[in-house]
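The values are calculated or read from the model by the stated rules, or taken from the named source; none is laboratory data. Bear in mind that the values here come from a model prediction, so they are computed numbers and not experimental data. As a convention, Cβ positions derive from the backbone with ideal geometry for all residues, glycine included, and neighbour counts pool all protein chains shown. Side chains included, ligands, DNA and RNA excluded: accessible areas come from the protein's heavy atoms. Shrake-Rupley method; radii C 1.70, N 1.55, O 1.52, S 1.80 Å.
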Amino acid sequence: YAQAEIVGTELSANVRERLTGHYAKDYRFKYADALLDAQLEELQPGQNIATYSNLEVKDLEYGKPFVNLSYAATSGSMVEEINDDLYVSPMIFLASLENPFKADTRDYPIFFGFPQTRKYNITIKVPEGYKVTSLPESSKAALGDGMGSYTYLIKESPGMVQLSVVFELKSPIILSDDYSYVKGMFSEIISKEGEKLVLSKI
């Protein structure tokens, strides 16, 4: 869950993450004995698009059902000003940036390790003196035979924009015959998460 606001062309956010199942297990395996500074360094998003700080980690002990993270993030590159309009991706620095599947074809199955679910709830406060003039369209996509799905739901409410994104991959193994569908779905996700919200001066 992320709450973000824009001041000038700088975006800041407070983020809370809850890791469950295999995500929690993997995090504990990597960081059970690591200092917070080392964990914070690993959290940094790619391409230096944001800076993280004030990391707090709870329930890192084995046997707990979740691992809970909270941190702050700031970015001076997420908001673009063009002709007095502000352009920003509603996914902020949580967007998928690169398709992991680049080859045209694949001869072997895709192993994801385990079924995956990622949920994002993001709220962006509309800065004073601005209004929303353009929103990305809500979207849904699915892989055949119930293998996976992606939902992107966005709406404007008084003084803010709210986004809910859910990615589900129910099958940990995707056969090579379905490679083109998986590659296409990830391409759609990256394209959708790169779309911009436009804020204009009142």
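Structural remarks
- Matching residues, the stretch 29-55, being open to solvent by 40 Å² or more (accessible area, probe 1.4 Å) and touching a helix residue (DSSP H, G or I) at 6+ places or on another chain (Cβ under 8 Å): Lys30, Ala38, Glu42, Ser53
- Residues satisfying the stated conditions in the stretch 14-28, i.e. within 13 Å of the chain's Cα centre (by Cα) and open to solvent by less than 80 Å² (accessible area, probe 1.4 Å): Val15, Glu17
- Cβ-Cβ distances below 7 Å connect the following pairs, each with a first residue in the stretch 86-110 that is on the phi < 0 side of the Ramachandran plot, a second residue that is of a type in the set (S, T, N, Q) and not in a loop (DSSP other than H, G, I, E, B), and a separation of six or more residues or different chains: Phe93/Ser75; Leu97/Gln47; Asn99/Ser187; Arg106/Ser176; Asp107/Ser176; Tyr108/Ser176; Pro109/Ser176.
- Residue ID - nearest to the chain's Cα centre (by Cα), chosen from residues in the stretch 30-84 that are part of a helix (DSSP H, G or I) and in contact (Cβ under 8 Å) with a residue 40 or more places away in the chain: Gly46
- For Val165, the criteria (1) under 22 Å from the mean Cα position of the chain (by Cα); (2) open to solvent by 60 Å² or more (accessible area, probe 1.4 Å) hold in every case but one, which is (2).
- Restricting attention to the stretch 106-150, the residues that are under 23 Å from Ala4 (Cα atoms), in a strand (DSSP E or B) and open to solvent by less than 30 Å² (accessible area, probe 1.4 Å) total 5.
- Within the stretch 73-105, considering residues that are of a type in the set (Ser, Thr, Tyr) and touching a Phe, Trp or Tyr at 6+ places or on another chain (Cβ under 8 Å), the one surrounded by the fewest Cβ atoms within 10 Å (Cβ to Cβ): Thr105
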